[in-house]
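Colleague: Here it is: the structure, laid out below.
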Amino acid sequence: MDIVQADFKKGFVKLRITDPEDLWYLSHLIDPGDFVKGKTTRKIKIGEGENAKVAKKVYVLKIEAETIDYSNEVLRVNGRIREGPEELPKDSFQAIPLEQNSEFILEKVQWLEYQKQKLEESAQKKYNYLLCIFDREEALFALTKSFGYEVLLQLKGDVPKKVKTVEVKQDFQQEIIKALDVYSGRYSPEAIILASPAFYKEDLFKKINQPDLKKKIILANCSDVSESSLFEILKKPELELTLKSSRTRKENKIVEELLSEISQNRLAAYGWNEVKNAIDAGAVSKLLVTDDYIQRRRASNEYTELDLYLKQIDTLKGEIHIISSEHESGRKLMGLGGIAAILRYKLEWH
């Protein structure tokens with residue numbers, strides 16, 4: 001995302017969406033009550049009677065956001081028109097769609113520190129890493145993304161096909177090398193993590209003849225070929241330098257820190273009531289909340305209360321971490337109610 005112009009004191013930023021991943025950030029950066037100014041299309045009637053025609057016209061409008069819907073790489077902000085041409089009734093409802101290459105202005109009454117940080121994070125260079133975990137008969141390819149990772153392909157030997165699976169009957173390791181070469185060219189990853197149980201990775205590495213591909217590869221161990229092993233790799237201390245910019249890795253580490261505190265009955269609270277009490281006590285050091293939890297609060301018209309508590313944490317210089325619910329760390333947090341906190345000190349009631 002490009003930050004074209006920003007004045008947080010006046011409450012506005014002008015943004016250009018450059019990557020579909022930007023929409024994930026915007027889906028929880030834009031809140032009900034914010035103002036969004038951008039282009040949208042609206043059907044208008046031209047002519048009267050039988051000769052009347054319906055045409056689409058492009059308008060530049062400012063709306064006050066009421067709902068934010070994110071799906072299929074389009075973010076739709078719905079709300080009432082606050083500024084626009086005279087021909088459009090003020091206060092009528094209109095949606096502004098945001099997608100790749102959209103340019104728009106976002107205005108807030110108050111920008112919280114974590115929101116500024118998220119905005120700056122989205123504007124930074126995206127460091128994608130290609131992950132390949134494999135054994136003698138199976139391989140899994142994934143690409144790290146800002147909100148987790150995306151499984152690209154599952155390769156299997158001569159076995160029945162499954163969803164997202166490609167059956168391979170030729171030299172299995174050569175097929176893996178071919179896929180690595182294709183994905184490396186397509187996504188230009190910062191590095192390629194090649195992992196396997198036992199000695200398979202070293203054996204395959206010797207067979208790679210492409211110098212540009214080979215120099216990107218880092219070898220690692222994994223327990224098996226499954227999505228849980230992707231997280232196992234992302235947590236490895238020896239890959240910390242390579243994966244320093246991976247948002248998924250940071251999410252994993254903060255959730256693991258939370259789970260460690262819970263297991264030792266120390267500095268943790270989870271579930272809305274516990275977390276709310278901890279915020280009221282000024283005890284929250286780090287708040288963890290899933291994007292799904294935020295969306296559910298919005299859908300049930302209960303977001304205002306959450307927003308007030310987020311502002312309270314921000315005022316007390318606490319950290320706010322929004323965790324993707326699509327992957328393992330997010331699913332673990334969802335199992336705790338979707339919201340939890342690491343505390344500054346242990347509470348007497350806890």
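The values are calculated or read from the model by the stated rules, or taken from the named source; none is laboratory data. The structure presented is a predicted model; accordingly, all values stated were derived computationally and were not measured. Counting neighbours? That spans all protein chains shown, and the Cβs are built from the backbone with ideal geometry, glycine included.
Colleague: Residues in segment 85-131 that are of a type in the set (D, E), modelled with pLDDT of 90 or more, more than 26 Å from P189 (Cβ to Cβ) and in a loop (DSSP other than H, G, I, E, B): how many?
Modeller: Going through segment 85-131 one residue at a time, the tally reaches 1.
Colleague: State all residues of segment 254-313 that are aromatic (F, W, Y) and in contact (Cβ under 8 Å) with a residue 60 or more places away in the chain; if no residue qualifies, say none.
Modeller: Passing the criteria: Y270, W272, Y303.
Colleague: May I pose another question? Can you confirm whether R80 is within 20 Å of the chain's Cα centre (by Cα) and either more than 23 Å from I322 (Cβ to Cβ) or of a type in the set (D, E, K, R) (or both)? Can you show your working first?
Modeller: Details: within 20 Å of the chain's Cα centre (by Cα): no; either more than 23 Å from I322 (Cβ to Cβ) or of a type in the set (D, E, K, R) (or both): yes.
Against the criterion (within 20 Å of the chain's Cα centre (by Cα) and either more than 23 Å from I322 (Cβ to Cβ) or of a type in the set (D, E, K, R) (or both)), R80 does not qualify.
Colleague: Would you mention how many residues in segment 200-257 are touching a helix residue (DSSP H, G or I) at 6+ places or on another chain (Cβ under 7 Å), part of a loop (DSSP other than H, G, I, E, B) and under 30 Å from S325 (Cβ atoms)?
Modeller: The number of residues fulfilling the criteria is 5.
Results for (1) in contact with an Asp or Glu (Cβ under 8 Å, 6 or more places away or on another chain); (2) among the acidic types (D, E); (3) surrounded by 14 or more Cβ atoms within 10 Å (Cβ to Cβ); (4) in contact (Cβ under 8 Å) with a residue 40 or more places away in the chain, shown as yes or no for each residue.
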position	(1), (2), (3), (4)
A65	yes, no, yes, no
E86	no, yes, no, no
P89	no, no, no, no
Q94	no, no, yes, yes
L98	no, no, yes, yes
Q110	no, no, no, yes
C132	no, no, yes, yes
A142	yes, no, yes, yes
G148	yes, no, yes, yes
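Colleague: What residue, of Y70, Y59, is more than 28 Å from the chain's Cα centre (by Cα), aromatic (F, W, Y) and surrounded by 14 or more Cβ atoms within 10 Å (Cβ to Cβ)?
Modeller: So the residue among Y70, Y59 that is more than 28 Å from the chain's Cα centre (by Cα), aromatic (F, W, Y) and surrounded by 14 or more Cβ atoms within 10 Å (Cβ to Cβ) is Y59.
Colleague: Sticking with this one: Quick one: I342 ticks every box in (1) modelled with pLDDT of 95 or more; (2) assigned to a loop (DSSP other than H, G, I, E, B); (3) not charged (D, E, K, R) bar one, so which box is it?
Modeller: With respect to (1) modelled with pLDDT of 95 or more; (2) assigned to a loop (DSSP other than H, G, I, E, B); (3) not charged (D, E, K, R), I342 is out only on (2).
Colleague: State yes or no: is E302 within 24 Å of V109 (Cα to Cα) and either surrounded by fewer than 17 Cβ atoms within 10 Å (Cβ to Cβ) or not acidic (D, E) (or both)?
Modeller: Values: within 24 Å of V109 (Cα to Cα): yes; either surrounded by fewer than 17 Cβ atoms within 10 Å (Cβ to Cβ) or not acidic (D, E) (or both): yes.
Taking the combined requirement at face value, the residue satisfies it.
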